[in-house]
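Comments concern the structure below.
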Amino acid sequence: MLKPFYQGKLDTFCAIYAVLNALRLLYGIRVLKARDILNETLMGLASRPEAFRAVLTQETDYIALVDNLLRIQSRAYPLDIRAPYVQGPQPGPDDFFAACKDWLAPGRGRAIVFRFLRSLTPDGGPMNRHWTTADRVDGDILHLFDCSHEAEAILNINRASFVTSADRVSLERLLHIQPESARFLRVPF
């Protein structure tokens, strides 16, 4: 069984790992190739100190980093990349879940990379900002091929447990998926 690449406990590179795990799902890339891509990405960031600092200190939403990484890697690993929620109205949770379920239907060889924010209370800000890769939907559960192996890691998301707008976070729904970050990926042939 294919396992995701795991992020280090102290680093802030989950957005890069989300893309690497999508490439693992879609193309079966192995550890050495993933390490090469990670190193190339970090070297590229290091050449731009402000961008590198923003990544290290989480002062970015990482969307530009994800888009650039997908664009660069699609030269070696062709990808059909769709970003349906970048412009226009944002979907509600049910519409977002339905889009994920349709995209990740069995046998299609697809993945979705996106960012979520997790809060401890509805009135506090997010305690965790994380990028992940979704690989399948079973019933009302969106399964994640995730880079975290922390005890409190989110490895699946119930249809009724998240919102798609920060102002809708509640005690019952402390997880905010940011639809504008979602990149729906597939091999184009």
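Can you compute the equivalent ellipsoid semi-axes for the stretch 131-172, i.e. the square root of 5 times each eigenvalue of the Cα gyration tensor, sorted largest first and rounded to whole Å?
Its equivalent ellipsoid spans semi-axes of 19, 14, 10 Å.
If you take the alpha carbon radius of gyration of the stretch 87-189 and divide it by 2.2 N^0.38 Å, what ratio comes out, to two decimals?
1.04
In whole percent, how big is the carbon plus sulfur part of the accessible area of the chain, probe 1.4 Å, protein atoms only?
53
So which aspartates and glutamates pass the test for Lys33, namely a Cα distance under 14 Å, with those fewer than 8 places away in the same chain ruled out?
Qualifying aspartates and glutamates at Cα under 14 Å: none.
Let me know the longest stretch in the chain that avoids all GluC sites (Glu not before Pro) found in a DSSP loop with at most 16 other C-beta atoms within 10 Å.
In short, 60-149.
Per-residue accessible area for Lys9 at 1.4 Å probe radius, Å² rounded to 10?
Lys9 exposes around 150 Å² with every protein chain in place.
From the gyration tensor of the Cα coordinates in the stretch 70-144, what semi-axes in whole Å does the equivalent ellipsoid have, largest first, with each one equal to sqrt(5λ)?
Equivalent-ellipsoid dimensions as semi-axes: 24, 17, 13 Å.
If you work out Rg and Dmax of the Cα atoms in Å from the coordinates, which of (i) 20.2, 59; (ii) 16.9, 60; (iii) 15.8, 46 do you get?
From the options (i) 20.2, 59; (ii) 16.9, 60; (iii) 15.8, 46, the structure gives (iii).
Show Leu142, Leu26 ordered by accessible area, largest first, where the area counts protein heavy atoms only and the probe is 1.4 Å.
Leu26, Leu142
In Å², what does the accessible area per residue of the chain work out to with a 1.4 Å probe?
I get 52 Å² per residue for the chain.
The values are calculated or read from the model by the stated rules, or taken from the named source; none is laboratory data. Because the structure is predicted, anything quoted here is derived from the model rather than measured. Cβ atoms come from the backbone with ideal geometry, glycine included; neighbour counts cover every protein chain shown. Accessible surface is based on the protein model in full, side chains and every heavy atom, while ligands, DNA and RNA are left aside. Shrake-Rupley method; radii C 1.70, N 1.55, O 1.52, S 1.80 Å.
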